[in-house]
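*Asks:* The structure's right below; bear with me while I get my questions together.
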Amino acid sequence: MVIANYFGAGPGTDAFFVAFRIPNLFRRLFAEGALSQAFIPVLAGYKENHNKSEIASFIAAVSGNLSLILILLTVWAWLFTPNFLMIFAPGFEIDSQQFSMASDMLRLTFPYLPLISLTALSAGILNTWNRFAIPAITPAILNITILTTIFVLAPRLDSPIMALAWGVLFAGLLQLGFQLPQLFKLDLLVTPRINFEDTGVRRVMKRMAPAIFSASVSQLNLVINTVLASFLMTGSISWLYYSDRLVEFPLGLLGAGIGSVILPHLSKSHAKKNSDEFSQSLEWASRWTKLIGLPASAALIALSQPLMLTLFQHDQFSVLDAEMASRSLMAYAIGLMGFISTKILVPGFSARGDLRSPARFALYSVMTNTILAIALGLYILPNGWQHAGLALATSAASLLNALLLLTKLKTLGFYPKTSGKTAFNIRISVALLIMTLILVFSANHYPWQEWTRIERFLNLSIWIIVGLGSYILTLLLTGFRMKDLLLSSSIRS
């Protein structure tokens, strides 16, 4: 909201979002994506079968090797910054000033990669030791830091929007520092060392190759969209970014949260060869995904324009920007269940050491996204809807990826047919239908564009409460109970 109000949607914000997306892509490749999927199962095995000294030695080797690789990559990015931009945003070359601004920003944001990657590694260790609170809080530091630089640093810079890039760099330092005391308390804060011959490191590296692709498929699709959007109307990259932020909200709360919790649990179940516990854990995650993901997706679609007008339309962010961003928000929201499901299904393969299947499905997803994005974004849809076509292509690809993962798990017998699943699904469907009808035929018939910001916030809050209330009330009236969501209940059924 603050970025939209201060900087709007234009060449400067387009440049920043590209400069921020590039290190974020590599972060998903080397940290939260591939490394976590490859590292945590091996670490869980070490926790079960090795002593503290061997565990510390393994962590030191992984962190040292990771630091070396990412520092070299960062230096390479500094030396060849224009080349990176030509790969990720070739359309920027048309505007030399925008290209220069994006280059300056990328040199500031790229060091965020090694910092946040080590942060993610630390979070994986803490999660494996059932310390979930600190890793869950850590991402908020990025938001707080960027807000601080906007308010404090931006007014003091010749180019105020550069404060966003500085904020990213400062946030990386603070996020890593926030994790270290917790590692120290667990006696797992070790000095990184380079050792590619370590047995555990070799196991992690063997797992990482296919995991790099499978765990970061959504980021690859976003990069493809960014490349294509750089050729569209100025502001297209920003519209896609703002709408993606709202989709990332439930995705971060639910998908990333459950994914982080379930992977160590699945790895432990697999290490104990307890297939029943393994399967029921996936079913538990699926129930939470349906309960929260489906209404979130429907509400984002039904309230797309009110949300954009209320949250972002102010000062530098125009009514036209809000309308454009609402179009891509609807398109992204269609694929929300695919995004969330992928985050809870991929760990089902990672914990068992099967990273090739998700990689193969991810390849199909990227191919689907690329074909649809080019067709919808560049040829089929009219001007003003092209960026939404890119978002719709990503949604279709995410749903395909989730469907392939789910089908494979069912084929392998790791996705159980529990009693009560049909009744649970019916309750969710009825509640979802009633909520959607209320929002579509009521909330959208108000003059949102004519209201003041306070009026928008009040009315949006009311309709969110009404929608949520109708959803919960319908669930309760149809027989839903919280015990349906307890992991122990799922296992007993």
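The values are calculated or read from the model by the stated rules, or taken from the named source; none is laboratory data. The structure presented is a predicted model; accordingly, all values stated were derived computationally and were not measured. Cβ: placed from backbone, ideal geometry, glycine included. Neighbour counts: every protein chain shown.
Residue-wise test of (1) out of contact with any Pro (no Cβ under 8 Å at 6 or more places or on another chain); (2) under 19 Å from Leu232 (Cα atoms); (3) surrounded by 22 or more Cβ atoms within 10 Å (Cβ to Cβ).
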residue	(1), (2), (3)
Ile301	yes, no, no
Leu309	yes, no, yes
Leu320	yes, yes, no
Met324	yes, yes, yes
Ser328	yes, yes, yes
Ala333	yes, no, yes
Leu336	no, no, yes
Ile340	no, no, yes
Ser350	no, no, yes
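*Asks:* Tell me, please, whether a residue that is surrounded by fewer than 21 Cβ atoms within 10 Å (Cβ to Cβ), in a helix (DSSP H, G or I) and assigned by TED's automatic domain parsing to the domain that holds Asp104 can be found in the stretch 220-231.
*Replies:* Checked against the condition, which is being surrounded by fewer than 21 Cβ atoms within 10 Å (Cβ to Cβ), in a helix (DSSP H, G or I) and assigned by TED's automatic domain parsing to the domain that holds Asp104, the stretch 220-231 yields no hits at all.
*Asks:* Filter the stretch 131-150 for residues that are of a type in the set (A, V, I, L, M, F, W, C) and either under 30 Å from Leu186 (Cβ atoms) or free of Cβ contacts under 8 Å to residues at least 40 places away in the same chain (or both) and give the result. Spell out how you get there, then give the answer.
*Replies:* Of the residues in the stretch 131-150, the ones of a type in the set (A, V, I, L, M, F, W, C) are 132-134, 136-137, 140-142, 144, 146-147, 150.
Within the stretch 131-150, Phe132, Ala133, Ile134, Ala136, Ile137, Ala140, Ile141, Leu142, Ile144, Ile146 qualify.
*Asks:* Are there any pairs, at least 6 apart or on different chains, whose C-beta atoms fall under 9 Å, with the first in the stretch 359-382 and assigned by TED's automatic domain parsing to the domain that holds Ala229 and basic (Lys, Arg) and the second part of a helix (DSSP H, G or I) and at pLDDT below 90, and if so, which?
*Replies:* Close Cβ pairs (under 9 Å, with a partner that is part of a helix (DSSP H, G or I) and at pLDDT below 90) amount to Arg360/Pro210; Arg360/Phe213; Arg360/Ser214.
*Asks:* Just to be sure before I move on: is Pro111 surrounded by 15 or more Cβ atoms within 10 Å (Cβ to Cβ), more than 16 Å from Pro192 (Cβ to Cβ), in contact with a Gly (Cβ under 8 Å, 6 or more places away or on another chain) and at pLDDT 90 or above in the structure I sent?
*Replies:* Answer is yes for this residue.
*Asks:* Still on this structure, I have one more. Output yes when any residue across the stretch 340-354 is in contact (Cβ under 8 Å) with a residue 60 or more places away in the chain, among the charged types (D, E, K, R), under 27 Å from Phe457 (Cα atoms) and outside any helix (DSSP H, G or I), and no when none is.
*Replies:* No, the conditions are met nowhere in the stretch 340-354.
*Asks:* Looking at Phe132, Phe151, Phe92, which one is crowded, with 19+ Cβ neighbours inside 10 Å and aromatic (Phe, Trp, Tyr)?
*Replies:* So the residue among Phe132, Phe151, Phe92 that is crowded, with 19+ Cβ neighbours inside 10 Å and aromatic (Phe, Trp, Tyr) is Phe92.
Matching residues to (1) under 13 Å from Ala9 (Cα atoms); (2) at pLDDT 90 or above; (3) among the small types (Gly, Ala, Ser):
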site	(1), (2), (3)
Thr226	no, no, no
Ala229	no, no, yes
Thr234	yes, no, no
Arg245	no, no, no
Glu248	no, no, no
Gly255	no, no, yes
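*Asks:* Condition first: at pLDDT below 85 and among the aromatic types (Phe, Trp, Tyr). Can you find one or more residues in the stretch 259-278 that meet it?
*Replies:* yes
*Asks:* Moving to a separate point now. Consider Ala333 carefully, then state whether it is farther than 14 Å from Leu404 by Cα, touching a strand residue (DSSP E or B) at 6+ places or on another chain (Cβ under 9 Å) and in a helix (DSSP H, G or I).
*Replies:* Judged against the criteria, Ala333 is not a match.
*Asks:* Something else about it: Is at least one residue of the stretch 436-456 surrounded by fewer than 19 Cβ atoms within 10 Å (Cβ to Cβ), of a type in the set (Phe, Trp, Tyr) and part of a helix (DSSP H, G or I)?
*Replies:* Yes: one or more hits.
*Asks:* Let me ask something else. So Ser429 clears everything in (1) within 30 Å of Lys268 (Cα to Cα); (2) not assigned by TED's automatic domain parsing to the domain that holds Gly235 except one condition, right? Which one?
*Replies:* Just one mismatch for Ser429, condition (1).
*Asks:* Another one. Considering only residues that are in contact with a Ser or Thr (Cβ under 8 Å, 6 or more places away or on another chain) and among the hydroxyl-bearing types (Ser, Thr, Tyr), look in the stretch 85-127 and name the one that is farthest from Val190 (Cα to Cα).
*Replies:* That would be Ser103.
*Asks:* Regarding the stretch 107-118, can at least one residue be identified that is small (Gly, Ala, Ser), within 22 Å of the chain's Cα centre (by Cα) and assigned by TED's automatic domain parsing to the domain that holds Phe170?
*Replies:* Yes, that holds for at least one residue.
*Asks:* Oh, and also: Looking only at residues that are modelled with pLDDT of 90 or more and among the aromatic types (Phe, Trp, Tyr) in the stretch 163-212, which one is farthest from Val346 (Cα to Cα)?
*Replies:* Trp166
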